[in-house]
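Peer 1: Let me begin by handing over the structure; questions about it come next.
A short reminder: the numbers here are calculations on the coordinates, not readings from a lab. Only a predicted model underlies this, so the values are computations on that prediction, with no experimental measurement involved. Heads up, the Cβs are rebuilt from the backbone with ideal geometry, glycines too, and the neighbour counts pull from every protein chain shown.
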Protein chains: 2
Amino acid sequence: MITKNLEDYLEAIYNSIRTRGHAGTNEIARDLQVKPPSVTEMFRKLNERGWVNYKKYEGVTLTREGKRIAKNVSDVHSKVRKFLELIQVSSEQADEDACQVEHHLSQESIGQLSKFIEFIENCPEEQARWIEHFHYFSRHEELPAECRAAADKGLRD
Amino acid sequence: MITKNLEDYLEAIYNSIRTRGHAGTNEIARDLQVKPPSVTEMFRKLNERGWVNYKKYEGVTLTREGKRIAKNVSDVHSKVRKFLELIQVSSEQADEDACQVEHHLSQESIGQLSKFIEFIENCPEEQARWIEHFHYFSRHEELPAECRAAADKGLRD
DNA sequence: TGGCAAAGTTAGGTTGACCTAACTTCATTA
DNA sequence: TAATGAAGTTAGGTCAACCTAACTTTGCCA
């Protein structure tokens with residue numbers, strides 16, 4: 001069974017290779033905010049389980065299966081981050097929280113979150129104004145005039 | 001420093017007391033899907049840290065501070081669950097995922113999520129139709145006719 | 001080309017959370 | 001009131017993930 005931690009390491013390796021071209025012990029240690037010996041140990045575990053190719057002093061590369069897992073985690077990560085940014089969480093915090101949350105959502109929730117984001121992105125401009133209304137609401141702690149008028153109307157009816 | 005696990009125990013104790021009137025070792029063990037000795041051990045830790053009053057063979061009650069923590073966690077839990085239900089995750093799964101996610105959100109994200117839910121709930125009927133549109137989209141994998149018409153119009157303009 | 005700094009590893013230890021097996025306490029009822 | 005089963009605890013262990021201190025390897029350049 002894979003643990004959330006191992007998933008984190010796979011994701012970090014995946015990102016490191018994409019952005020730096022390689023994944024070294026110290027780099028991953030910095031990324032995950034742990035000390036190098038912890039990384040060496042995890043590299044060995046990932047190697048035993050067949051998710052990375054690890055040669056001492058040469059860093060790691062992902063196996064096909066390791067890459068598949070890393071990509072899945074990374075996809076969930078970006079969906080969660082996107083959602084948090086949509087509801088106006090700062091991008092640094094959104095990224096940080098996504099990193100924590102990514103391991104804890106069921107397939108069902110991930111699916112619905114994807115649909116939700118897709119919906120917002122494909123909604124025609126006119127229909128999607130609600131998200132701007134939310135942004136206003138988020139900043140000012142009250143509904144924008146346009147909405148309040150509608151709400152008042154609703155009350156009168 | 002409090003750990004996510006201790007938070008989980010506090011929440012479980014809080015819920016047990018609310019629904020059953022007391023929190024016994026075996027009950028909490030069942031709730032958290034662990035064995036009774038694990039619970040006894042955690043009860044002692046929570047007691048040492050001043051979050052519960054623990055007397056051997058008599059179960060636990062929450063201290064003022066313990067209750068505060070439990071209530072916070074529980075509030076986040078219900079917000080996350082509410083959101084997941086809004087995006088059409090089944091209530092059982094929403095509850096289960098909320099339980100996992102509740103410990104991993106920053107104050108900022110929790111704040112924005114609250115606002116988001118509040119926004120949806122206070123949005124006047126007319127403005128809030130988008131959520132129904134999303135529900136349609138979620139079931140049928142395409143925008144409702146009403147939205148598509150608007151989107152097509154948008155393209156022509 | 002040899003020595004040195006940076007990168008990486010090994011050894012040994014800690015901590016949190018969990019377990020099983022065996023024990024004790026409690027509460028009930030014959 | 002004594003015995004019995006349920007509830008709870010203790011003892012002793014495992015495992016994942018982390019650490020520090022000390023060591024080895026590598027790559028570079030004087």
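Peer 1: With 5 Å bins from zero, work out the P(r) of the range B:4-69 over every alpha carbon pair and list the percent per bin.
Peer 2: That works out to 4, 20, 36, 29, 11, 0, in percent per bin.
Peer 1: Please determine, in degrees from 0 to 90 and to the nearest 10, the orientation of helix B:36-48 with respect to the longest principal axis defined by the Cα atoms of chain B, where the helix direction is its Cα long axis.
Peer 2: Value to nearest ten degrees: 80.
Peer 1: Treating the beta-carbon of each Lys and Arg as +1 and of each Asp and Glu as -1, no other charges, what is the dipole magnitude of chain B about its Cα centre, to the nearest 20 debye?
Peer 2: 900 debye
Peer 1: Set the bar at 19 Å for Cα to Cα. Now go through A:LYS4/B:LYS79; A:LYS35/B:LYS4; B:LYS35/B:LYS56 and name every pair that lies beyond it.
Peer 2: A:LYS4/B:LYS79; A:LYS35/B:LYS4
Peer 1: Summing -39500 (n - 2.57) over the DSSP H runs of n ≥ 4 in chain B and dividing by its residue number, what mean residue ellipticity at 222 nm do you reach, to the nearest 500 deg cm²/dmol?
Peer 2: -23000 deg cm²/dmol
Peer 1: Consider all pairwise Cα distances in the range A:68-127 and report the whole-number % of them above 12 Å.
Peer 2: Above the 12 Å cut-off, the range A:68-127 has 67 percent of its Cα pairs.
Peer 1: On a full-extension model of 0.36 nm per residue, what is the gain between A:VAL34 and A:GLU132, subtracting their alpha-carbon distance, rounded to one decimal in nm?
Peer 2: 31.3 nm
Peer 1: Oh, and also: Just need log10 I(q)/I(0) for chain B at q = 0.17, 0.21 Å⁻¹, Debye formula, equal scatterers on the alpha-carbon atoms, no solvent, rounded to two decimals.
Peer 2: The computed values of log10 I(q)/I(0) come out as -0.99, -1.30.
Peer 1: Determine the gain in length on full extension of the stretch A:ASN47-A:ASP75; use 0.36 nm per residue of separation and subtract their C-alpha separation, reporting nm with one decimal.
Peer 2: 7.8 nm
Peer 1: From the Cα trace of the protein assembly as shown, what convex hull volume per residue do you get, rounded to a whole Å³?
Peer 2: Enclosed volume per residue, from the Cα hull, is 187 Å³.
Peer 1: Top mean-square fluctuation among B:ALA98, B:ALA29, B:ALA145, Gaussian network model of chain B, C-alpha springs under 10 Å?
Peer 2: B:ALA145
Peer 1: When a footprinting reagent is the concern and you count Cβ atoms within 10 Å, what order do A:HIS135, A:HIS77 take, fewest first?
Peer 2: Ascending Cβ contact count within 10 Å gives the list A:HIS135, A:HIS77.
Peer 1: So between B:GLU92 and B:ARG139, what do we pick up on full extension, going 0.36 nm a residue minus the alpha carbon distance?
Peer 2: So the extension gain works out to 15.1 nm.
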